[in-house]
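**Q** Quick one: this structure, given as structure tokens, is what I'll be asking you about.
The values are calculated or read from the model by the stated rules, or taken from the named source; none is laboratory data. No experiment lies behind these values; they were computed from the predicted model shown. Heads up, the Cβs are rebuilt from the backbone with ideal geometry, glycines too, and the neighbour counts pull from every protein chain shown. For accessibility, only protein heavy atoms count, side chains too; no ligands or nucleic acids. Shrake-Rupley method; radii C 1.70, N 1.55, O 1.52, S 1.80 Å.
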Amino acid sequence: MGFLSDSLSRIKPSATIAATQKARDLKAAGVDVIGLGAGEPDFDTPDNIKEAAIAAIRRGETKYTAVDGIPELKAAIAAKFKRENGLDYKPAQCFVAPGGKPIIYNAMMATLNPGDEVIIPAPYWVSYPDIVLLAGGTPVFAEAGMATGFKLQPEALEKAITPKTKWLIFNSPSNPTGAAYTWDELKKLTDVLVKYPHVWVLTDDMYEHLTYDGFKFATPAQVEPKLYDRTLTMNGVSKAYSMTGWRIGYCAGPIELIKAMTTIQSQSTSNPTSISQWAAVEALNGPQDFIAERAQSFKERRDLVVSMLNQAKGIKCPTPEGAFYVYPSCEGCLGKTTPAGKLIETDKDFVEALLEEEGVAVVHGEAFGLAPFFRISYATSTENLVKACERIQRFCGNLR
């Protein structure tokens, strides 16, 4: 018998975290690296949110809280869902965790048994399948390729559903592609789900406020009220409010599921950080005008990156509707050799050579379940993006 758990053999470290850390390490060693791997806004947390946290510290809000969040934050979450999504949740149906990832983990741990299947559209955020595997479930991938704008089609969803299906994990706008579903596109998917009452929906709306070109965000339980009783609607303060390090995710759903998730969290992390919770209250209840201003900056960066990448030889980059990622194809670069003599056979080869020869850190598409692509986060300065895209253009132009 080995010392380590067998469950470790089912999963792998996060590729996005690994890429970000590698860029950090190279920078620390003095290498000129531009890191485009992290899904983290470069904007600072707004001052009113910081001040709310400082005020909470001064009031002595530094003790344990209820496992699933303070009443004030749960009330703010319920108000947010009503105000922005037209969804009626009582505070008792709301749940707070130390980030969005623990919400998914708690939900899967609370509901999955061996043999249960979870449908995950591919490409997907790297953690979805590993969390399912950790919880003892089986990921079932439904491809949503570039031909459909990286959006799951109703036929592909229906084909993936079996009697063993327990969940669909749904993400719009998407990490890694930035693809976002219109109301009508969502309705076609929810029409399928209505026919299969044993399938629950976990909808990851983390990038809700980062959409462009007049796109109107919608979430599944809003589009199809019949799914309300089997939907867990998840969001967080990390992206829209530039609060990644504060570690606050939240969700709302059926009370029985929320109670089960609370039980799981009570034996893992326990309550989210008290100070971060008070900061999140201010984030949700306070001024929201800066979100649109920052989204406009992201849109300008998106347009710059898409334009420059499409000028790189062998690269095709669609224009996404939201988030702060692009997911270009590097298929036109495969089979070629770099100036240093490295043969590019896969998107992983492409990404490794790009880092080694041009100092640009991105994440390979295979990690997200769809190759040959790579993910770029444009949540960094315009100066960095221009430099990085120029290096990518040079790298691709020098392939032979």
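**Q** Taking Ile54 and the conditions (1) touching a Ser or Thr at 6+ places or on another chain (Cβ under 7 Å); (2) of a type in the set (A, V, I, L, M); (3) open to solvent by 10 Å² or more (accessible area, probe 1.4 Å), which numbered condition does it fall short on, given that it satisfies the others?
**A** (1)
**Q** Please list, ordered by first then second residue, the pairs with beta carbon atoms under 9 Å, 6 or more apart or interchain, first in the range 250-268 and under 18 Å from Gln222 (Cα atoms), second among the acidic types (Asp, Glu).
**A** Gly253/Asp229; Pro254/Asp229
**Q** Limited to the range 325-351, what total is found for residues that are closer than 21 Å to Ala122 by Cβ and touching a Ser or Thr at 6+ places or on another chain (Cβ under 6 Å)?
**A** Matching residues across the range 325-351 total 2.
**Q** Looking at the range 1-29, which of its residues are open to solvent by 70 Å² or more (accessible area, probe 1.4 Å) and over 22 Å from Phe368 (Cβ atoms)?
**A** Residues satisfying the conditions are Met1, Phe3, Leu4, Asp6, Asp25, Lys27, Ala28, Ala29.
**Q** If you go through the range 73-81 one residue at a time, do you hit one that is assigned to a loop (DSSP other than H, G, I, E, B), closer than 18 Å to Asn285 by Cα and more than 23 Å from the chain's Cα centre (by Cα)?
**A** no
**Q** Could you list, in sequence order, the residues of the range 154-192 that are more than 17 Å from Pro320 (Cα to Cα) and assigned to a loop (DSSP other than H, G, I, E, B)?
**A** Ile161, Thr162, Pro163, Lys164
**Q** I've got another one for you. Give Lys63, Lys74, Lys101, Lys80 a once-over and let me know the one that is open to solvent by 40 Å² or more (accessible area, probe 1.4 Å), under 27 Å from Ser127 (Cα atoms) and modelled with pLDDT of 95 or more.
**A** Step by step, each of Lys63, Lys74, Lys101, Lys80 is checked, and only Lys101 is open to solvent by 40 Å² or more (accessible area, probe 1.4 Å), under 27 Å from Ser127 (Cα atoms) and modelled with pLDDT of 95 or more.
**Q** Would you check which residues across the range 109-131 are among the polar types (S, T, N, Q) and in a helix (DSSP H, G or I) and list them?
**A** Thr111, Ser127
**Q** Taking the range 205-238 as the region of interest, how many residues are under 21 Å from Asn271 (Cα atoms) and either touching a Leu at 6+ places or on another chain (Cβ under 8 Å) or open to solvent by 10 Å² or more (accessible area, probe 1.4 Å) (or both)?
**A** 6
**Q** If you scan the range 367-395, which residues turn out to be surrounded by fewer than 23 Cβ atoms within 10 Å (Cβ to Cβ), of a type outside the set (Val, Ile, Thr) and out of contact with any helix residue (DSSP H, G or I) (no Cβ under 6 Å at 6 or more places or on another chain)?
**A** Matches in the range 367-395: Gly369, Ser381, Glu383, Asn384, Lys387, Glu390, Gln393, Arg394.
**Q** Within the range 83-98, track down each residue that is crowded, with 19+ Cβ neighbours inside 10 Å and not in a loop (DSSP other than H, G, I, E, B).
**A** Asn85, Gln93, Cys94, Phe95, Val96, Ala97
**Q** Just to be sure I understand, how many residues within the range 159-181 are of a type outside the set (A, V, I, L, M, F, W, C) and either open to solvent by less than 10 Å² (accessible area, probe 1.4 Å) or within 18 Å of the chain's Cα centre (by Cα) (or both)?
**A** Residues that pass the stated criteria total 10.
**Q** Also, quick follow-up: How many residues are open to solvent by 10 Å² or more (accessible area, probe 1.4 Å) and either among the aromatic types (Phe, Trp, Tyr) or not in a loop (DSSP other than H, G, I, E, B) (or both) when one looks only at the range 193-203?
**A** 3
**Q** Additional query: Filter the range 255-278 down to the residues that are outside any loop (DSSP other than H, G, I, E, B), open to solvent by 70 Å² or more (accessible area, probe 1.4 Å) and within 16 Å of Lys74 (Cβ to Cβ) and list them by number.
**A** Passing the criteria: only Lys259.
**Q** Pull up the range 354-398, narrow it to residues that are in a loop (DSSP other than H, G, I, E, B) and either touching a strand residue (DSSP E or B) at 6+ places or on another chain (Cβ under 6 Å) or not hydroxyl-bearing (Ser, Thr, Tyr) (or both), then point me to the one that is nearest to Ile17 (Cα to Cα).
**A** Val362
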